[in-house]
Amino acid sequence: MEMLDGTIVTTAAPRIGAALHAPATEIGLVVTAYLLTLAVLIPLAGWLTRRLGNRVVFLTAIALFTGASIGCAASGSLGELVAFRVLQGAGGAMMVPVGRIMVLSKADKGDILRLTSYVVWPGLIAPVIAPLAGGLITSYASWHWIFLINVPLGVVAFAVAWRLVPGGRDEAVPPPLDWAGMLLTGAGLGGLTYAAHLVSMPAPPAAETALCFAGSAVLLAVDFWHLRRAPHPLLNLRTLNSPTFRVTQLGGTGYMLVVGSMPFLLPLLFQTDFGWSPVKSGALTAFVFAGNVGIKPTTTPLINRFGFRSVLVVSALGTAAFVAAFGFVTASTPVALIALLALASGVTRSTGFTVYTTVGLADMPPELMRDANSFAATSMQLAAGLAIAASTVALRIGGAVTGGGGGGVAGAAGHGAFTVAFCLLALIAVGSAVEALRMDRRAGDAARRPRATAPAGQ
């Protein structure tokens, strides 16, 4: 629910704007308010579970998100919708990190890879089915169902969580809240997310955007200084002392930025450059999901056989190649070939995503697992929040290079601009592959179960 709502609303934005009599330049706030709230509150989720326990926080999050979804559907103005999207973001900020913490914080190292293969599914599925779901809903139903679809999911999730999630706290005396860290982290990440929203606008205000980026950078720099010295930091930077975790957070953020851009760029290419309908565009994008699913049964055996580092390098390079290839497809390219390309990109996306979400935790000391989960969830959300802005900037650079016009959430770009944009994003994926080469060959071996060699004579 949380990840689906981060992208599906983009497809329905024109319909929502028309229904609420809101200009296109303002309807982007519906997406930004949600992502900004996630960025501000996700770092707080780890402390809340220590204070209140997993059960209370998780059930409250599901109820809040589901109720806010009903409020979004019932909104009669843009202001009401944005307010309920903030509530949705508050619920989402507690759902995903807390879910990961419950599953992984006490897991044996040997079980982390298998458990993560389940945990990453929503992150792989939601962004690529969102364009198709959004296209179908906006074509054959009202925009309200973009939010009402969460209600049955929320009811089922609440019932299952009520039955399965145990009560109580893991710590008898939880640490005090790091108020300074919360304010600095929230303001810094929130400002960065809002600056990304400004960049994605068709005509971004230059002075406001630069000021927002500069202010966010200063706040995050002060926050970094504070978190390194605080006795009970909101985000524990000691997790970065693990070389594997440090590499995955740096390279992984770039990788998530690239794969997070695809559910935005591909529908934009298909609809504005090829002239396809939202349903056809969403259906082709959904082939990425088919690749995710198709490779999943073999992901764990591949990692067990070749190791995390090898699989990650190949995945990142494969992602780079397929992303660049999308820049050279045209409306005359056979649809079957485009579908095959989307399928292949889904394969490398799935294997890379699994490695990034697993290997850093595999080498993490048990006492830092909860902190590492919180840090990883924050960096992943930051990448998701910046993905659309990165796509928009890449399109504008492409337009400037080719003379084919810029591009934005509500704008169109020439085909040459798309070619340059996809190639620029591919270079980021190459950078992630280079970063992965810095990883120790034995990284994550604690979570691997290599096939045993048979004794001599057998």
So, in region 321-338, of the ones that are open to solvent by less than 10 Å² (accessible area, probe 1.4 Å) and not in a loop (DSSP other than H, G, I, E, B), which residue ends up nearest to Leu437 (Cα to Cα)?
Val323
Being over 28 Å from Leu361 (Cα atoms), of a type outside the set (Lys, Arg) and open to solvent by less than 40 Å² (accessible area, probe 1.4 Å): is that true of Thr209 here?
yes
Can you pull out every residue in region 150-165 that is out of contact with any Leu (no Cβ under 8 Å at 6 or more places or on another chain) and open to solvent by 40 Å² or more (accessible area, probe 1.4 Å)?
Pro152, Leu153, Val155, Val156, Ala159, Val160, Arg163, Leu164
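Being over 21 Å from the mean Cα position of the chain (by Cα) and at pLDDT 90 or above is true for just one of Thr319, Thr333, Thr351. Which residue is that?
Details: Thr319 fails: over 21 Å from the mean Cα position of the chain (by Cα); Thr351 fails: over 21 Å from the mean Cα position of the chain (by Cα).
Of Thr319, Thr333, Thr351, the one residue that is over 21 Å from the mean Cα position of the chain (by Cα) and at pLDDT 90 or above is Thr333.
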Between a first residue in region 199-227 that is part of a loop (DSSP other than H, G, I, E, B) and a second residue that is open to solvent by 40 Å² or more (accessible area, probe 1.4 Å) and not hydrophobic (A, V, I, L, M, F, W, C), which pairs have beta carbons less than 9 Å apart while being 6 or more apart in sequence or on different chains?
Met201/Thr25; Pro202/Thr25; Ala203/Thr25
Check whether at least one residue in region 31-40 is touching a Leu at 6+ places or on another chain (Cβ under 8 Å) and closer than 20 Å to Pro202 by Cα, and report yes or no.
no
Please verify whether region 278-293 includes one or more residues that are surrounded by fewer than 17 Cβ atoms within 10 Å (Cβ to Cβ), of a type outside the set (Ser, Thr, Tyr) and under 22 Å from Thr357 (Cβ atoms).
yes
Scanning region 128-141 for residues that are touching a residue at least 24 places away in the same chain (Cβ under 8 Å) and open to solvent by 50 Å² or more (accessible area, probe 1.4 Å), which turns out nearest to Phe65 (Cα to Cα)?
Ile129
Out of (1) open to solvent by 40 Å² or more (accessible area, probe 1.4 Å); (2) under 23 Å from the mean Cα position of the chain (by Cα); (3) under 30 Å from Ala33 (Cβ atoms); (4) touching a residue at least 24 places away in the same chain (Cβ under 8 Å), the one Ile397 does not meet is (2)
Within region 370-392, track down each residue that is at pLDDT 85 or above and more than 12 Å from the chain's Cα centre (by Cα).
Asp371, Ala372, Phe375
Could you tell me whether Asn241 is open to solvent by 60 Å² or more (accessible area, probe 1.4 Å) and among the polar types (S, T, N, Q)?
yes
Can you tell me which of Leu234, Leu240, Leu257 is of a type outside the set (Asp, Glu), touching a Gly at 6+ places or on another chain (Cβ under 7 Å) and under 30 Å from Leu183 (Cα atoms)?
Leu234
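The values are calculated or read from the model by the stated rules, or taken from the named source; none is laboratory data. The structure displayed is predicted, hence computed values, not measured ones. Because the Cβ atoms are built from the backbone with ideal geometry, glycine has one as well, and the counts that use them run over all protein chains shown. Ligands, DNA and RNA are stripped out before the accessible areas are found, and what is left, the full protein with its side chains, is counted by its heavy atoms. Shrake-Rupley method; radii C 1.70, N 1.55, O 1.52, S 1.80 Å.
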